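Asker: I'd like to ask some things about the structure below.
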């Protein structure tokens with residue numbers, strides 16, 4: 001079982017916010033400074049391959065096959081703060097978890113425990129994502145905005161299997177750096193389309209969060225939207241092998257002021 005200490009991650013995020021805020025000039029009074037977006041919908045488990053540990057002492061199995069695709073409830077909240085006309089900060093909260101009763105066809109070795117086939121097992125999977133980031137408004141016209149930046153992601157993950165008195169889990173609380181890109185375009189006074197991505201790959205793993213949005217302005221500063229998203233990533237290291245992919249769709253409500 002591996003985990004990083006939470007205080008270290010929180011201290012790094014706090015330092016980033018303090019430095020950026022102190023270094024940026026005040027925002028003009030007539031410039032919208034905040035954007036808030038809340039999305040609720042369903043997520044589907046497209047892939048979830050697990051082996052812990054990543055050796056002969058662990059069995060590779062598919063949680064997606066065992067637990068099914070879903071649907072799984074999905075909620076996402078994002079806030080963007082424009083410090084001035086070029087620089088800004090963003091906060092994103094995206095919890096994701098489920099527990100399902102599964103039955104394995106073969107014996108499964110997981111985190112030092114042995115799980116028997118054809119017996120009911122409670123399988124739990126958690127991959128909460130808490131992020132804070134900096135963005136620079138690279139393009140800003142009356143119809144198109146493009147942001148580029150970087151994100152610090154706090155990964156709060158756990159995989160747990162329970163079969164009778166046999167219980168084992170692997171949890172991981174760690175900090176992951178990501179690159180950020182977002183683009184929004186006004187099709188008309190009412191309609192907007194957008195794309196955003198937090199991603200980084202290389203070495204033993206990858207992390208990708210890609211979203212597409214369509215919004216309709218129901219008032220001057222309130223928008224109703226449809227959002228589709230792919231979350232993909234994982235790691236192949238000595239302690240574990242886990243690669244998962246989730247697809248989600250949802251309705252969103254957003255405002256700016």
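The values are calculated or read from the model by the stated rules, or taken from the named source; none is laboratory data. The model shown is predicted, which means the values in this text are computed figures rather than measured ones. Glycine also receives a Cβ, built like all others from the backbone with ideal geometry; neighbour counts cover every protein chain displayed.
Asker: Within the bounds of segment 131-147, is there any residue that is more than 23 Å from residue 36 (Cα to Cα), out of contact with any strand residue (DSSP E or B) (no Cβ under 6 Å at 6 or more places or on another chain) and in contact (Cβ under 8 Å) with a residue 24 or more places away in the chain?
Answerer: Taking segment 131-147 and keeping what is more than 23 Å from residue 36 (Cα to Cα), we get none.
No, that holds for no residue.
Asker: Among 62, 97, which is the only one that is surrounded by fewer than 15 Cβ atoms within 10 Å (Cβ to Cβ), closer than 30 Å to residue 147 by Cβ and at pLDDT 95 or above? Even if it seems obvious, please write down each step before you answer.
Answerer: On the way: 62 fails: closer than 30 Å to residue 147 by Cβ.
Among 62, 97, only 97 is surrounded by fewer than 15 Cβ atoms within 10 Å (Cβ to Cβ), closer than 30 Å to residue 147 by Cβ and at pLDDT 95 or above.
Asker: With the condition kept exactly as written, say whether any residue in segment 62-84 is in contact (Cβ under 8 Å) with a residue 40 or more places away in the chain, farther than 30 Å from residue 140 by Cα, in a loop (DSSP other than H, G, I, E, B) and touching a strand residue (DSSP E or B) at 6+ places or on another chain (Cβ under 7 Å).
Answerer: Checked segment 62-84: no residue is in contact (Cβ under 8 Å) with a residue 40 or more places away in the chain, farther than 30 Å from residue 140 by Cα, in a loop (DSSP other than H, G, I, E, B) and touching a strand residue (DSSP E or B) at 6+ places or on another chain (Cβ under 7 Å).
Asker: Please find, within segment 75-86, the residue that is farthest from residue 161 (Cα to Cα) out of those that are modelled with pLDDT of 95 or more and crowded, with 19+ Cβ neighbours inside 10 Å.
Answerer: Filtering first and then ranking leaves 80.
Asker: Of all residues in segment 191-205, which are in a strand (DSSP E or B) and exposed (fewer than 15 other Cβ atoms within 10 Å of the Cβ)?
Answerer: Matches in segment 191-205: 191, 193, 195, 201, 202.
Asker: Ok, one more. Which strands (runs of 3 or more DSSP E) sit wholly inside segment 99-182 and have at least 3 residues that are in contact with a helix residue (DSSP H, G or I) (Cβ under 8 Å, 6 or more places away or on another chain)? Step through it out loud before you land on a result.
Answerer: Working: elements: 108-110, 113-115, 120-140, 144-163.
Once the strands (runs of 3 or more DSSP E) in segment 99-182 are filtered for at least 3 residues that are in contact with a helix residue (DSSP H, G or I) (Cβ under 8 Å, 6 or more places away or on another chain), what remains is 120-140, 144-163.
Asker: Ok, one more. Which condition does residue 205 not pass, out of (1) more than 23 Å from residue 55 (Cα to Cα); (2) without any contact (Cβ under 8 Å) to a residue 60 or more places away in the chain; (3) in contact with a strand residue (DSSP E or B) (Cβ under 9 Å, 6 or more places away or on another chain), if it passes all the others?
Answerer: It fails just one condition, (1).
Asker: For segment 100-111, which positions are closer than 24 Å to residue 156 by Cα and surrounded by 15 or more Cβ atoms within 10 Å (Cβ to Cβ)?
Answerer: First, the residues of segment 100-111 that are closer than 24 Å to residue 156 by Cα: 100-102, 109-111.
Correct list: 100, 102, 109, 110, 111.
This table checks each residue for (1) in contact (Cβ under 8 Å) with a residue 40 or more places away in the chain; (2) in contact with a strand residue (DSSP E or B) (Cβ under 8 Å, 6 or more places away or on another chain); (3) over 23 Å from residue 80 (Cβ atoms); (4) outside any strand (DSSP E or B).
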site: 211; (1), (2), (3), (4): no, yes, no, no
site: 214; (1), (2), (3), (4): no, yes, no, no
site: 219; (1), (2), (3), (4): no, no, no, yes
site: 227; (1), (2), (3), (4): yes, yes, no, no
site: 230; (1), (2), (3), (4): no, yes, no, no
site: 245; (1), (2), (3), (4): yes, yes, yes, no
site: 248; (1), (2), (3), (4): yes, yes, no, no
site: 254; (1), (2), (3), (4): yes, yes, no, no
